[in-house]
Amino acid sequence: MSATTLSQNTHYIHFILPLIKIYYKLDTLLASISTTNNNEQQLIFIAVEHNNRKRHFLSVTFDELSKLLHCLEPPKLTLYEILCRNNSCKLYFDVDVYIENTFLINIQESLSTLQNLFHYIISNCTDSITYHSASIADHFLVLSASTELKHSYHLIYTNTIVRFDSQQTVLKFILTILQYCTHFILSHSCHQHFLQSISIHHENNPNNWLKHLQTILTNTNFCNCVIPATNITCNNFQKLLFKNSNGFYQWIFDLHVYNKNQQFRLYKATKFGKHNPLLTTSSFSFNGQNERKNEMLIDKTINYDSILSHALISYTVNNTNLLIFSFNENKWSLLDQHENRIVDLTTKTYFTTLIISKTSPNETNALKRIPPTNTTDLANNTDHFKSFITNLITKIYHTNAYIRSCQRGTNNPSLLFYNIGGEFRFCERLQRHHQSNNTCIIVDTSTCKYQIKCKDPDCKNFKPPWKHIS
């Protein structure tokens, strides 16, 4: 066995693709590709999850990936697409609806609004070149999977020529459109009397915009007036928000999935230890194809490779007509495949009302959360959190442990980092205590949630779940 790759015929993938190299570390895979292949866009980077939720990494062609998805049995279909480098990618959304919140959300209406809004705006930006329809039919592929805790939806924009130059540009684009709509709602006469002395035109903090939206929704629903240059009303836009169990509004989609090397579950793949494949949904069938009615069988009427091609976010076949959304030097533009500017988008309504500054991955944590409107609320009561954590480590986990120190986040002041001493070394990845490594419990004071983060090097890339604070 080499220091960087698994020996041949030691992984079950080798029985399907005998010559494929499987790497222990993603950085090693990427370094090897950059020195041997000048056309990374034609390769698909894959993570394979196995025992103890560790992952191995490989690169495959489209045909090789299709073969894997066809030949692997569901328990081994734990495959993730890695959105790495700065390859151009599609617009995508990740929506998780916990079972406890299903009665609060009409998910079909929410997802339809999301698709309508973003397809209409992309069409508006590109229609002088593409002349494509503003109908959402077959422009979004919606994949879904469920567990006993939640329903998950992946929405991927399938227009074959529209791309974004990076995941961070996708995030900036989403934030720009959300703030454009928010700006109209907050400055609209139907809602102004609920906001009193707020100066909307000088408000640039996304946290505060969401807090102001909550102020309106505390008193009334949004009006039915149409948001200019869109095809939705203010009341439609409200469907992109929901009130969580702590009484705070948040987006129905996750804004944490646009980082470099993000790993996104593949079409037909399952989570480790579960049988919940990510498939097309009957509520949003794609090209008239619905897998749910034949979930356990291979339906010859369904073009699985076509769905896979649309489901891959960073894979782009050769296309001389690509239109790539780019955000550079605080300006939006459309580029061709050679990165030549075709259209200056700064004159479009969406990009003139607001300018979204460059956003770092650390800042995206703050963008999703809605600060409480009352500063004396539980979210700012650090004594409550200290008491909760002490009870958690000593009585829930029954360990002789204590809070060694507490530090507030530098990039996101809403986060409190509690370093734990003593016997508490619980790992969410292994579902047991480590023998020696220390543990940190992170509290998000704005959403009243916590996560247990162990400091073992093997767990560095594992993202523990956020849990509600009781």
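Taking the Cα of Leu217, stepping 7 Å toward and past its beta carbon, and measuring to each backbone N in the stretch 238-280: which are under 15 Å? Residues 238-255 fall inside that zone. Give the lysines whose C-alpha is closer than 22 Å to that of Lys67, dropping any in the same chain fewer than 8 places away, or say none. Within the straight-line cut-off, Lys67 pairs with Lys21, Lys76, Lys268, Lys271, Lys274, Lys300.
The slack in the chain from Asn51 to Glu423, taken as 0.36 nm per residue of separation less the alpha-carbon distance, amounts to 131.4 nm. A Förster radius of 25 Å combined with the Cβ-Cβ distance from Cys406 to Trp466 puts the calculated FRET efficiency at roughly 0.85. Take every Cα pair under 8 Å whose residues are at least 6 apart in sequence, average their separation, divide by the length of the stretch 383-468, and the relative contact order is 20 percent. Length gained on full extension, Arg432 to Lys348: 24.9 nm, using 0.36 nm per residue less the C-alpha separation.
The length gained on full extension between Leu195 and Asp127, counted as 0.36 nm times the residue separation minus their Cα-Cα distance, comes to 20.8 nm. Ordering of 441-452, 182-193 by packing is 441-452, 182-193, highest average first (other Cβ atoms within 10 Å, averaged per residue). Can you figure out the FRET efficiency of Asp96 with Asn208, using R₀ = 22 Å and their beta-carbon distance, to the nearest 0.05? Here the calculated transfer efficiency is 0.30.
Tell me whether the stretch 383-468 comes out rounded, prolate or oblate; compute the Cα gyration tensor, take square roots of the eigenvalues as a ≥ b ≥ c, and use a/c under 1.5 as the rounded threshold. Because a/c hits 1.5 or more and a/b fails to exceed b/c, the stretch 383-468 counts as oblate.
Near Ala269, within a Cβ-to-Cβ distance under 13 Å, what is the net charge of the other residues, with Lys and Arg +1 and Asp and Glu -1?
+3
Summary of the geometry: the stretch 403-417 and the stretch 237-281, compared by the centres of their Cα atoms, lie 26 Å apart.
If you take every residue apart from Asn319 with its C-beta less than 12 Å away from the C-beta of Asn319, what net charge results, scoring Lys and Arg +1 and Asp and Glu -1? Value of the local net charge: 0. Between Leu104 and Asn303, the simple label model (points 7 Å from Cα in the Cβ direction) yields a spacing of 4.1 nm. Once the 1.4 Å probe is applied to the protein heavy atoms, the stretch 383-468 comes out at 53 Å² accessible per residue.
Each label was represented as a point 7 Å from its Cα along the Cα-to-Cβ direction; for His384 and Cys440 these points are 2.4 nm apart.
The values are calculated or read from the model by the stated rules, or taken from the named source; none is laboratory data. Note that the coordinates shown come from a computational prediction; the quantities given were computed from them, not determined experimentally. Cβ sites come from the backbone with ideal geometry, for glycine too, and all protein chains shown count toward neighbours. When the accessible area is computed, the model is the full protein with side chains, heavy atoms only, and any ligands, DNA or RNA have been set aside. Shrake-Rupley method; radii C 1.70, N 1.55, O 1.52, S 1.80 Å.
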